[in-house]
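Heads up: the structure comes next, in structure tokens.
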There are 2 protein chains.
Amino acid sequence: MRRGNVYQIANGHMGYRGTLDEFGPDECVAVTLAGIFDRVGDAWREPVNAPNGAYTSVEVDGVALSALGANVVQHRQTLRFRNAEFERETVFDVNGTRVTLRSSRFLSIVQPSLGVVCVEVVCDKPAEVTIRTGIDFNIWDLNGPHLRELAATRRDGDVLCVEGRTHESGRRVAVAEAIAADFGTGTNVASDKRNLHVITLRAEAGRPCAFTKFFAVSTGDDKAATAEVAIATVTAARRDGPDAQRAAHAAAWADRWRRCDVAIEGDPAAQLALRYSVLQLLMVAPVDGSANSIPARALSGQAYKGAVFWDTEMFMFPFFLHAYPAKAVELLRYRIRTLDGARRKAATEGPGYRGAFYAWESQDTGDDACTYFNIGDPITGRELRTHFRDKQVHISGDIAIAMWRYFEVTGDDSLLLEGGAEVILECARFYYSYIHFKKDRGLYEVLDVIGPDEYHERVNNNAFTNMVVREAFVIAGVTVDHLSRNHPEALKALLRKTGIADELPGFADAAARLYVPPVDKETGVIEQFEGYFKLRDATVEELRAKMVHPNEYFGASQGLAVPTKLIKQADVVMMLSLFKSRFPTATKRANWLYYEPRTEHGSSLSACAYALVATEFGDLDSAYRYFLKTAEIDLKARYKSYVGTTFMGGSHPAANGGAWMTAVLGFGGVQADDRHVAIEPRLPSKWNALEFGLDYKGDRFRVRIDGKSVAITAGPANRAAHTFTVSGTEFTVAPADALTVPIEAGRAFAAGNRESEAASSTPK
Amino acid sequence: MRRGNVYQIANGHMGYRGTLDEFGPDECVAVTLAGIFDRVGDAWREPVNAPNGAYTSVEVDGVALSALGANVVQHRQTLRFRNAEFERETVFDVNGTRVTLRSSRFLSIVQPSLGVVCVEVVCDKPAEVTIRTGIDFNIWDLNGPHLRELAATRRDGDVLCVEGRTHESGRRVAVAEAIAADFGTGTNVASDKRNLHVITLRAEAGRPCAFTKFFAVSTGDDKAATAEVAIATVTAARRDGPDAQRAAHAAAWADRWRRCDVAIEGDPAAQLALRYSVLQLLMVAPVDGSANSIPARALSGQAYKGAVFWDTEMFMFPFFLHAYPAKAVELLRYRIRTLDGARRKAATEGPGYRGAFYAWESQDTGDDACTYFNIGDPITGRELRTHFRDKQVHISGDIAIAMWRYFEVTGDDSLLLEGGAEVILECARFYYSYIHFKKDRGLYEVLDVIGPDEYHERVNNNAFTNMVVREAFVIAGVTVDHLSRNHPEALKALLRKTGIADELPGFADAAARLYVPPVDKETGVIEQFEGYFKLRDATVEELRAKMVHPNEYFGASQGLAVPTKLIKQADVVMMLSLFKSRFPTATKRANWLYYEPRTEHGSSLSACAYALVATEFGDLDSAYRYFLKTAEIDLKARYKSYVGTTFMGGSHPAANGGAWMTAVLGFGGVQADDRHVAIEPRLPSKWNALEFGLDYKGDRFRVRIDGKSVAITAGPANRAAHTFTVSGTEFTVAPADALTVPIEAGRAFAAGNRESEAASSTPK
């Protein structure tokens, strides 16, 4: 199960779990599609898994080869980071004949519906080999089956196709497959939910029997067209041959790595984990123009309903924003596209709610896939009422913040005009309909919410949430200001469309008077929510000892953690990370020290917040520890797969994003806003250097930090000079500039040394 | 267990369960004391049970007599309503000898520390009889033992004493016992936690061996004094003899019945149940001057921690207010006495709470005995978090309403001056600190509460609660008005003491703008709380079928009823009953019909609300059915004894009060306010007549309703004329007046016929 996550490949359109050619549903093979969902009866709505066009089983001298068999002599599988290609090599002993089965597969990022698999069988003695390859439509589903009327056909002699439609919306999913082999394509046999080429041949000793599979997965509403597209794709791919496909794919990957790679010198383990994390993010980045986002378990299967959570904006978005803004655009367009779903949620969720209350678990329409009873209780076998859907209101503000951050960092306001400003205003509108004014305190309060720490539901004035809500009101104000100065007509149209003009003074009032839990004067600690300090202290071990079932959930309303200070994940610390420029170092340290021993890290989102804040106050050892925890989460795969009775295994793209954030924003100390990019390096002691790409205001930079200096290289195609502040000193970096700023003991010198004489940038 | 409730006796100072002379803790004998509480370790704080001074066991020819023995030939036990005296007669066959054991016991209402027991043993053949009688200090406790250092002593030759002190506060509890017997007092044997007289005698055939026991229970802080008081009491009682004690007791009871009896002609079952209900209320009415109240399970034991709930003000108080105002005064004084406890609760319970947040479960100090984890979960063996303590905020308003009602109906404002006005203002202050203003609605809201229906916790804008809160603000206003007109100095002092003057405009604003869920225009139904209509419908049977444990609790936050419309008890209907003059008949009918099938009646408080509202819209059959359910609850004793793992058996004085309310206020149609007493009779068809006493503005009346007329007889000692409105027509009733108003089909004629020529009252 977990290895299927670790070795998965994906291309934004689909994910293919790291399973082996001969595997089927019992081994959790899944071709998970982005953006297409289905629901069967009352079960959870989840992404659709396509028929598996990469299926191949091989029989040698009547013995079927399986990597799970007893006759395996040797097995190796490899995920190539360079171009996201999966390889396997398994050696079998078939009654004395040594058989080697090799294959490689990739999902093209230039032609996202296409997958290419190269298979090779070598026997050390002559042997009878039967190859069954084609499309397996025994589909592994958590809450399926999602495809009905599945039909296997053959076209143009040897192109196989399996096509079906979803239950809920009747959308078509078609998989086509074609093979290229010098021994022909055999006969077509469709049975047992497989549509196969069956090829029998006599293998010569030591001579590989090799063939290439091309499969394509297309979706659409038109029956014929959907299949035709898939068939045409594989036919064309076969015509062009695998080398051409691979070359285009590899070139595109090379470009991605040039942009996004982060190099760590002196720490191979960290380097591996971080590159793996970046690979994951790049593999699941939405296809350009798709306006899709990245689900919490990405494309690793159907866990978490394939839904998009706050994870995306808070943990993945920063990577794309700083390293690959074109993909950040897709993530935000997804929220623009689903704004109506958020409006529907507000209109139906609570009394008098207005504006945009984004789905806690967002799928294709933006309606909330999160159920009111979202966690199975293993003790009673019943579902627990959780308030994730109705009370985790920070989601709307998280989105508004990301939307505004995109403009701040890229300087590109086109998304605001495309619907981003509307998203921001509708989020503020929702909050204004949600908050209450406390007359005797003269303040607005945010009541009855769940903050990031989901073990404490329905709390009042959660520090994180209140900060986010207040920020949403502030952002609504500056958005209107920006539009009124720069796009007055667009603003007029937006106000007319939304009818929100009369509400703007209320937003401004709320921005000014929204209560945020204060920093305690004596301890420096911020109370996570009203009443938190009154709860009793408890350790995870103490609570575990009270469990009556090993998968018991600690939260909901009666969970063991609820009456205690034990929190699931960073909450105040997450707030300090998100709003790091607003709080002094002492506050960060005090809260980190207070909350860290009280945090279970029951969420994969927790460690990176602790890592990031630890870099802020200079505890680099702790930061490094949490960084590794974050960066290695999928590689080490020690996470829990069940919460209550709910399966939640799969990959952790938010942690992948958190690893990047910790490396670049944390240790690299990068902080960009509309004015400049600040860099305050604080590398872990074992890192000799850190090098990464950075996008800022549409221009590209390469930054290299070592113990002595920060080197900033501006892209030759950059269009403007930009301000960088290295350890407090400002520099202007013009196109093609290469600036090296000496630093000592974490402080930059007042002046930088320039490699380029032509540099126009000067220290200010 | 239940019979011990049915046959209990009490006198306000203590209760004695309806157990038999020879019983001990295994049979749940309890002498439960009013107003003295103790807590052992972390267990629940609960009332103290005293040593049992009424203990007697009898041995005949070496055979111990027990009503639970196999040799019982016949047993009868009787509770005499007339003077709250318990009697038993048991006939045993002891190896061929027929032995009759008779006893009677009463707890004096003129000398509340005193109990008197008369015992008689008769054998039909000569026999050896051994009588062991004295004080049994094997005490039955739910969460005890509460008395430590229990010591048995003997004084003045034959007066026995057992004395101990509570754990928590070290208060002394002493029980003294003395017997009067023509065969002497035998020898004193103190062993096995019993301090006994042991008398052995030869009984002659047919000749009773009779003796009288006097026991007294006193409490105090001084060791010697406490015992001395008890000893002096029994010594004096023995000197005066049982007949004198009984005569004084009986005379006092006769007076109570004269005041409070309700006669029903034509329906013996209803008569019995209603008299039983009134008896219960009169037995547990607080001792004059004690400023005690009546716990939810009265003095029937330690269930419900001996705590006073809203039950008292909402369900018992009306009986005393209308029939026995001197006792209503004690109930209210209890709330004045515990005001500081309510202030402490507000100060500690929530952020920024001020004023008086009365305890949900109030004991001697007014601090809340209700725990945050108040119900044991039989499935996990853990305690469930319930929000009874922190969210059932209507309690403060219930008290403010009762406080004001007392003044309205009695015209006596002395309680307001004694602290009642302070209670009212502090309750309003609490509410002002609790409510929120919704700027976009222009209304105050009451968020996050539990209404009467405890199966739905933490709801917003519960109709009942919002009405009560608004009423508290209104009452605060009229209280200040009243004081400013009539007691300006007292008002000044009160405002100075409380510093509340600046807050009064806020109270007035809240009174004017507090949101109350509206009557739906189409259906006439009021939504119990925001979101109630969205819940799914479910029957009790459906939920029972899902139970995984028979004592599973339906509420808390994850109970089976929570996501459904099934409610524990009357909530909107309770609101319509409490505020019956504010809503039209059609609204009462619509809500009754809507909510009635959705009500489990899992609380003994539910049936009488349905009965009362049914009388309002003329469904007398349903009203009668619910009346009997209420009135017979303790007689039939079919209630559940466990909720979760929590024992809650015991008597139901609130239901007793509800029975009286239904008879007099419901069927009798009595509604008194500061202007008049309105009577709109609507008797059940089988009732030929209903007759009851009524106190109004310090004067007394007797009202008799039959099918043809309403007869009102004013007490000869009345001091003023008062207005009565019979079926819409007003009459003035002067002292000693006897007015008969003919009615027909539930409507009064325009004029009444007077029996007394001297009557000065005339129809208006």
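Only one of these conditions is not met by B:ARG544: (1) modelled with pLDDT under 95; (2) outside any loop (DSSP other than H, G, I, E, B); (3) crowded, with 24+ Cβ neighbours inside 10 Å. Which number is it?
(3)
State the number of residues belonging to the range A:526-539 that are open to solvent by 20 Å² or more (accessible area, probe 1.4 Å) and either under 18 Å from A:GLU596 (Cβ atoms) or more than 10 Å from chain B (Cβ to nearest Cβ) (or both).
Residues flagged as open to solvent by 20 Å² or more (accessible area, probe 1.4 Å) and either under 18 Å from A:GLU596 (Cβ atoms) or more than 10 Å from chain B (Cβ to nearest Cβ) (or both) within the range A:526-539 amount to 6.
Of all helices (runs of 4 or more DSSP H) completely enclosed by the range B:606-696, which ones contain at least 1 residues that are at pLDDT 95 or above and under 27 Å from B:GLY411 (Cβ atoms)?
Those helices (runs of 4 or more DSSP H) span B:606-616, B:653-660.
Within the range B:362-403, work out how many residues are open to solvent by 10 Å² or more (accessible area, probe 1.4 Å), more than 14 Å from chain A (Cβ to nearest Cβ) and of a type in the set (D, E, K, R).
Final tally of qualifying residues: 3.
Mind listing just one residue for me: the one in the range A:26-46 that is touching a Gly at 6+ places or on another chain (Cβ under 7 Å) and within 15 Å of A:SER651 (Cα to Cα) and, of those, surrounded by the fewest Cβ atoms within 10 Å (Cβ to Cβ)?
Result: A:CYS28.
If you scan the range B:566-595, which residues turn out to be outside any helix (DSSP H, G or I) and out of contact with any strand residue (DSSP E or B) (no Cβ under 7 Å at 6 or more places or on another chain)?
B:LEU566, B:LYS568, B:ASP571, B:PHE579, B:PHE583, B:PRO584
Need at least 3 residues that are open to solvent by less than 50 Å² (accessible area, probe 1.4 Å) and of a type in the set (S, T, N, Q) per element, so show me which helices (runs of 4 or more DSSP H) inside the range B:205-300 make the cut, counting only ones lying wholly within it.
B:268-284
Restricted to the range A:551-570, and to residues that are on the phi < 0 side of the Ramachandran plot and of a type in the set (Gly, Ala, Ser), which residue is nearest to the other protein chains (Cβ to nearest Cβ)?
A:SER557
So for the range A:512-525 (the condition being more than 22 Å from A:ALA402 (Cβ to Cβ), within 14 Å of chain B (Cβ to nearest Cβ), without any contact (Cβ under 8 Å) to a residue 60 or more places away in the chain and buried (at least 20 other Cβ atoms within 10 Å of the Cβ)), does at least one residue qualify?
Within the range A:512-525 (the criterion being more than 22 Å from A:ALA402 (Cβ to Cβ), within 14 Å of chain B (Cβ to nearest Cβ), without any contact (Cβ under 8 Å) to a residue 60 or more places away in the chain and buried (at least 20 other Cβ atoms within 10 Å of the Cβ)), the answer is yes, since at least one residue qualifies.
Residues of the range A:597-613 being touching a residue at least 24 places away in the same chain (Cβ under 8 Å) and of a type outside the set (Ser, Thr, Tyr), which ones?
Across the range A:597-613, the qualifying residues are A:ARG598, A:GLU600, A:HIS601, A:GLY602, A:LEU605, A:ALA607, A:CYS608, A:ALA609, A:ALA611, A:LEU612, A:VAL613.
Quick one: A:GLU22 ticks every box in (1) open to solvent by 10 Å² or more (accessible area, probe 1.4 Å); (2) touching a strand residue (DSSP E or B) at 6+ places or on another chain (Cβ under 7 Å); (3) under 30 Å from A:GLY366 (Cα atoms); (4) not hydrophobic (A, V, I, L, M, F, W, C) bar one, so which box is it?
Unmet for A:GLU22, out of (1) open to solvent by 10 Å² or more (accessible area, probe 1.4 Å); (2) touching a strand residue (DSSP E or B) at 6+ places or on another chain (Cβ under 7 Å); (3) under 30 Å from A:GLY366 (Cα atoms); (4) not hydrophobic (A, V, I, L, M, F, W, C): (3).
Since A:ALA428 meets every condition but one in (1) crowded, with 22+ Cβ neighbours inside 10 Å; (2) away from every other protein chain (no Cβ under 12 Å); (3) over 18 Å from A:ARG513 (Cα atoms); (4) in contact with a helix residue (DSSP H, G or I) (Cβ under 9 Å, 6 or more places away or on another chain), which condition does it not meet?
Status for A:ALA428: all satisfied but (3).
Among the hydrophobic types (A, V, I, L, M, F, W, C) and farther than 21 Å from B:THR19 by Cβ: does that describe B:VAL99?
So B:VAL99 fails the test.
Scanning the range A:690-732 for residues that are hydrophobic (A, V, I, L, M, F, W, C) and open to solvent by 50 Å² or more (accessible area, probe 1.4 Å), which turns out nearest to A:LEU665 (Cα to Cα)?
A:ALA721
Does B:HIS456 meet the test of being within 14 Å of chain A (Cβ to nearest Cβ) and either open to solvent by less than 30 Å² (accessible area, probe 1.4 Å) or closer than 21 Å to A:TYR434 by Cα (or both)?
yes
Exactly one condition in (1) within 14 Å of chain A (Cβ to nearest Cβ); (2) surrounded by 22 or more Cβ atoms within 10 Å (Cβ to Cβ) is not met by B:ARG441; state its number.
Failed condition: (2).
Tell me which residues, restricted to the range A:668-681, are surrounded by fewer than 18 Cβ atoms within 10 Å (Cβ to Cβ) and closer than 20 Å to A:GLY658 by Cβ.
A:GLN671
Has the range B:479-497 got any residue that is open to solvent by 20 Å² or more (accessible area, probe 1.4 Å) and either within 13 Å of another protein chain (Cβ to nearest Cβ) or part of a loop (DSSP other than H, G, I, E, B) (or both)?
yes
Just name the residue that is nearest to the other protein chains (Cβ to nearest Cβ) out of those in the range A:335-345 that are buried (at least 24 other Cβ atoms within 10 Å of the Cβ) and of a type outside the set (S, T, N, Q).
Among those that are buried (at least 24 other Cβ atoms within 10 Å of the Cβ) and of a type outside the set (S, T, N, Q), it is A:LYS345.
Given the residues A:ALA291, A:ALA252, A:ALA273, which is the only one that is of a type in the set (Gly, Ala, Ser) and under 26 Å from A:THR212 (Cβ atoms)?
One residue alone meets the criteria, A:ALA252.
I'm trying to understand the selection: among the residues of the range A:6-22, which are touching a helix residue (DSSP H, G or I) at 6+ places or on another chain (Cβ under 9 Å) and either basic (Lys, Arg) or more than 15 Å from A:ALA50 (Cβ to Cβ) (or both)?
Correct list: A:VAL6, A:ARG17, A:GLY18, A:LEU20.
Any residue at all in the range A:192-204 that is open to solvent by less than 40 Å² (accessible area, probe 1.4 Å), at negative phi and basic (Lys, Arg)?
no
The values are calculated or read from the model by the stated rules, or taken from the named source; none is laboratory data. All values reported here derive from a predicted model rather than from experimental measurement. Note that we place each Cβ from the backbone using ideal geometry, even for glycine, and neighbour counts take in every protein chain shown. Heavy atoms of the whole protein, side chains included, go into the accessibility calculation; ligands, DNA and RNA do not. Shrake-Rupley method; radii C 1.70, N 1.55, O 1.52, S 1.80 Å.
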